[in-house]
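Okay, so here's the structure we're looking at.
The numbers here are math on the coordinates, done by the rules we state, and not lab data. Treat the numbers as computed from the prediction; the structure is a model and nothing was measured. Glycine also receives a Cβ, built like all others from the backbone with ideal geometry; neighbour counts cover every protein chain displayed.
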Amino acid sequence: MQRRDFLALTAVGGGVVFASALAGCASRGENMSSGKGLAADYKDFYFVQLSDCHWGYQGAANPEAAVTLRKAVATVNALEKQPEFIVFTGDLTHTTDDPAERRRRLGEFKSIVADLKVKTVRFMPGEHDASLDRGAAYKEYFGETFYTFDHKGVHFIAVDNVSDPGAKIGDEQLDWLRKDLAARDKKAPIVVLTHRPLFDLMPKWDWATRDGAQAMELLMPYENVTVFYGHIHQEHHQMTGHIAHHSAKSLIFPLPAPGSQEKRTPLPWDASAPYKGLGFREVEAEEAGKEYKVTEFPVVRA
Amino acid sequence: MKGVSRRRALQGALAAAGAVLLRASMAQGTAEPRVIQMTARRFAYEPNEIPLKVGERVVVAINSVDFVHGMNIPDLGKRLDLVPGRVTRLELQPQAPGVIDFVCDNFCGEGHAEMHGRLVVSA
């Protein structure tokens, strides 16, 4: 059974609410020559993206906040085929002014997700984790806030657009990004992981990265770039030129669709449908396609 | 939704006039602009709604008391950092009626998402 067939079956039996092919990332191409940054060894794989867990949140928008993350971990662990790695795209914790409490929340979060069967887990901060102390506490628990890694021929770049409270990537990191990209072939498959949207999705709701346009300008010459991010607590898909941006659902409370209401207040908890609007996703990179396939999962599967 | 659509239409009209609005020079007229005092604190602007008249020259004098809050006015393509201890001046001369939203875009804490306001311009 191919991976895509497996996903199709789970979509029928597992309460999956969305599964579709999404443009944005190429596999190896026939015209790719061997060389640095190319996808010569590209193979099928899939990873799981979780986002916006807000561990430590207490409020009416999620009266089951104390157990939601653990339930999501259990659901990931119950996937029939385990992902090759897992990414958390920020807001691991809910913000607090108290540095000691921030560290306590980061530590608890780390302890909970340590129960994931898959041990290759990539973290990145959200503004709730990092903006009030410029990432100091986050780094103590999870290391650097921006970095790269490679997996089966795909180059992953984690971009930090939250440690600066002004939602800036900053000149230093942009220079780092420029140098990293300079070593890549223009056809190399690249995935950017980040928290905030790199484009102006909804600036009046603070759904933007102040210098995101500079990052996009650096990425634009590369033919096969896909961005996965969080922050807006809902699935959203948008193209900027040939680059696809896919935001993930939250694991704490959903937010309204961009511009659908006057304020970006959380959508109310529905006691008749707990965890409605929350979830995580699988992202499958297929060998033959020039796309990623995204499958959305609820927090708890029937 | 109807209200939101109407407000968007008004914002669009104002956005088109925004450049003119922000270029308005205080030297253009002889009368002194009206000064509106505003305080920024976690997690609110006080006041958070400012009524204005079309053509009226105003200066919003903003005093942040506890954080370098931001003030982003996307429809006008304008943003400010509100540094505590310093009065930040926003000069305006609205050219059309409508509503213009502004928001804090420097993450300031748990109530950051609640820190926003609007300029309400009437004819």
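Per residue of peptide B:111-119, the mean number of Cβ atoms on other chains within 10 Å of the residue Cβ is 3.
By the rule of a C-alpha distance below 18 Å, with chain neighbours fewer than 8 residues away ignored, the aspartates and glutamates paired with A:Lys117 are A:Glu80, A:Glu84, A:Glu108, A:Glu282.
You can think of it this way: the chain between A:Ala60 and A:His242 has 61.5 nm of extra reach, that is 0.36 nm per residue less the Cα-Cα gap.
Please label the shape of the stretch A:90-162 as rounded, prolate or oblate, based on the square roots a ≥ b ≥ c of the eigenvalues of the alpha-carbon gyration tensor (a/c under 1.5 means rounded; beyond that, a/b larger than b/c means prolate, else oblate). It is oblate, given that a/c is not under 1.5 and a/b is not larger than b/c.
Less than 5 angstrom separates the built amide H of A:Asp44 from those of A:Glu287, all sequence-distant by 5 or more or on a different chain. Near B:Leu52, the amide H atoms lying under 5 Å from its own belong to B:Val120, B:Val121, B:Ser122; only residues 5 or more places off or on other chains count, and H is placed 1.01 Å from N.
Within 10 Å of the Cβ of each residue in B:97-110, the mean number of Cβ atoms contributed by other protein chains is 5. Given the pairs A:Lys81/A:Lys186; A:Lys71/A:Lys204; A:Lys152/A:Lys293; A:Lys119/A:Lys139, which span a C-alpha to C-alpha distance of over 22 angstrom in this model? Where the Cα-Cα span goes over 22 Å, the pairs concerned are A:Lys81/A:Lys186; A:Lys71/A:Lys204. The calculated FRET efficiency for the pair B:Val120 and A:Ile112, based on their C-beta separation and a Förster distance of 45 Å, comes to about 0.45. Spin-label model, B:Glu32 to B:Val54: label points 7 Å out along the Cα-to-beta-carbon direction sit 2.8 nm apart. For the segment A:260-266, counting C-beta atoms of other chains within 10 Å of every residue's C-beta and taking the mean gives 3.
Computed packing ranks the peptides A:54-64, B:109-119 as B:109-119, A:54-64, most packed first, by mean other Cβ atoms within 10 Å. Of the peptides A:151-162, A:65-76, the ranking by mean beta-carbon count within 10 Å, highest at the top, reads A:151-162, A:65-76. Here A:Lys179 is the anchor, and the lysines within straight C-alpha reach of less than 19 Å, apart from those fewer than 8 places off in the same chain, are A:Lys36, A:Lys168, A:Lys187. Once backbone amide H atoms are built at 1.01 Å from N, A:Phe199 has A:Thr209 as its partners under 5 Å, excluding neighbours fewer than 5 places away on the same chain.
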